[in-house]
1. Which one of these is surrounded by 15 or more Cβ atoms within 10 Å (Cβ to Cβ), farther than 30 Å from ALA212 by Cα and either in contact with a strand residue (DSSP E or B) (Cβ under 7 Å, 6 or more places away or on another chain) or not polar (S, T, N, Q) (or both): ARG117, ARG38, ARG112, ARG107?
2. Would you point out which residue out of LEU258, LEU264 is within 14 Å of the chain's Cα centre (by Cα) and open to solvent by less than 10 Å² (accessible area, probe 1.4 Å)?
3. All but one of (1) at pLDDT below 90; (2) open to solvent by 70 Å² or more (accessible area, probe 1.4 Å); (3) of a type in the set (A, V, I, L, M, F, W, C) hold for LEU146; which doesn't?
4. Are there any pairs with C-beta distances below 9 angstrom linking a residue in the stretch 62-86 that is more than 16 Å from ARG114 (Cβ to Cβ) to a residue that is of a type in the set (Val, Ile, Thr) and in a helix (DSSP H, G or I), with the two at least 6 apart or on different chains, and if so which?
5. Which condition number does ASP23 fail, the rest of (1) modelled with pLDDT under 90; (2) surrounded by fewer than 16 Cβ atoms within 10 Å (Cβ to Cβ); (3) under 16 Å from GLU116 (Cα atoms) being met?
6. In the set THR310, THR242, which member is modelled with pLDDT of 80 or more, farther than 24 Å from PHE226 by Cα, more than 23 Å from the chain's Cα centre (by Cα) and open to solvent by 40 Å² or more (accessible area, probe 1.4 Å)?
7. Applying the selection to the stretch 41-75, what residues are assigned to a helix (DSSP H, G or I), open to solvent by 70 Å² or more (accessible area, probe 1.4 Å) and among the aliphatic types (A, V, I, L, M)?
8. Name the one entry in GLY78, GLY96 that is open to solvent by less than 40 Å² (accessible area, probe 1.4 Å) and closer than 28 Å to ALA311 by Cα.
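The values are calculated or read from the model by the stated rules, or taken from the named source; none is laboratory data. A quick note: this is a predicted structure, and the numbers were derived from the prediction, not measured. Because the Cβ atoms are built from the backbone with ideal geometry, glycine has one as well, and the counts that use them run over all protein chains shown. For the accessible areas, the whole protein counts, side chains as well, though only heavy atoms, and no ligand, DNA or RNA atoms are used. Shrake-Rupley method; radii C 1.70, N 1.55, O 1.52, S 1.80 Å.
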Amino acid sequence: MSYRDRMRAASFRGVPFHVQSDDVSGGRAVVSHAYPGRGSYPEDLGTQPRVMEFAAYVIGADYDIDRDRLIAALEMPGPGELVHPRHGSMMAQADGFTVSEAAGRQRLASFRLRFERADLAPSPVSIVDTQAQVNRAADFADLETLAGYEAAFDITGLPDWAVALSGAPLSAAADLLMAGAVDLTASLGGFVDPDTAARAAGIGTAFTDAVATVRAVLDLTAFADFAEGLTAFAPAAAGLATPTRLRAAGNATLAAGLVRRLALTGWARTAAAAEFGNADAALGMRARLGEALRVEALTAADGSEDRAATALFDLRGRVVADLTDRAAKLERLVPFELPSGPVLEIAQRLYGDGARAEELILAAPAPHPLFHAGTGLAIGR
């Protein structure tokens, strides 16, 4: 087997690129100390960073797509997997790039890439604020959702009945919001009437404010139920396929997507802010919310809403990472079996602390404080 057989296709974070030439630098970090009349001596400070530089390019009929994918991979935070043609796979941190295109070189984008290897020496310990990452990802998903809605939702020239059909999901969502015994009139403005709903300026922002108002008065469990109700929203079929009905149906699809996605980002923020009493509660919320985000991201992708789909997939990843990290720091629920009796007595037997009876009630509600079946789930500590 020759060296050509051992060469690998170059890529970063799974995004391929071609290599025209590359340079690798490294060695020892040395400082020379000089003293008058006594000469000098070199002090070895350890290993220098292993730096890899590439003259790279993407080429082909879809070079622009490949260019943008590589740029996105290079701008993502933190180290990623770099596959070097001759040095194999490693973790590396992207450290700046330049991209060049010229009118005389069509279907080609040239890159100058610089990476620093990130897996040769231990790095300082850092603590990632996973909850803040969820909130930032939710903010970005909101921006993509609102931008897509405002760019495509168009009722110009539609008759009143088509305007009403276009805004029907928004009006239905308003009814559900109002049913929560929360006065949202100030936030929603003209949202409630279907004729004015579709025309209302900044309706996406108004709905975002309305969801935030509900979040402020509901706990995580109640808001999750509320959000799941909104994520079930789907526009009615267009019926007879006339141009006007098809336009109205397209608007309604956008409006329903707006409702679902803003509900999901609100749910993600609520989960990030919530305190979980045990690992099972956090992992259960991870599965429930993660699946809802996955379904909506696939829906966006199927509708060719690539930017929204990417933002939703990123939000899902942040949510899963946050809840996984926090669950790892909590105790799991374990089954127990004791003689039946008052909840206080069962808590005393399990934990040596009757004051923790509330934990048992939350895990498995008792029909009466003076009676507990003696079996169920309890925090394993």
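1. Just a single option satisfies the conditions, and that option is ARG117.
2. On the way: LEU258 fails: within 14 Å of the chain's Cα centre (by Cα).
From the options LEU258, LEU264, the qualifying one is LEU264.
3. Against the list (1) at pLDDT below 90; (2) open to solvent by 70 Å² or more (accessible area, probe 1.4 Å); (3) of a type in the set (A, V, I, L, M, F, W, C), LEU146 comes up short only on (2).
4. ALA72/THR310
5. (1)
6. Sole residue among the options that is modelled with pLDDT of 80 or more, farther than 24 Å from PHE226 by Cα, more than 23 Å from the chain's Cα centre (by Cα) and open to solvent by 40 Å² or more (accessible area, probe 1.4 Å): THR242.
7. So the first thing to find is which residues in the stretch 41-75 are assigned to a helix (DSSP H, G or I), and the list is 63-75.
With the extra rule that they be open to solvent by 70 Å² or more (accessible area, probe 1.4 Å), the set shrinks to 65, 68-69, 75.
Hit for the stretch 41-75 is ILE65, nothing else.
8. Values: GLY96 fails: open to solvent by less than 40 Å² (accessible area, probe 1.4 Å).
GLY78 is the lone residue from the list that is open to solvent by less than 40 Å² (accessible area, probe 1.4 Å) and closer than 28 Å to ALA311 by Cα.
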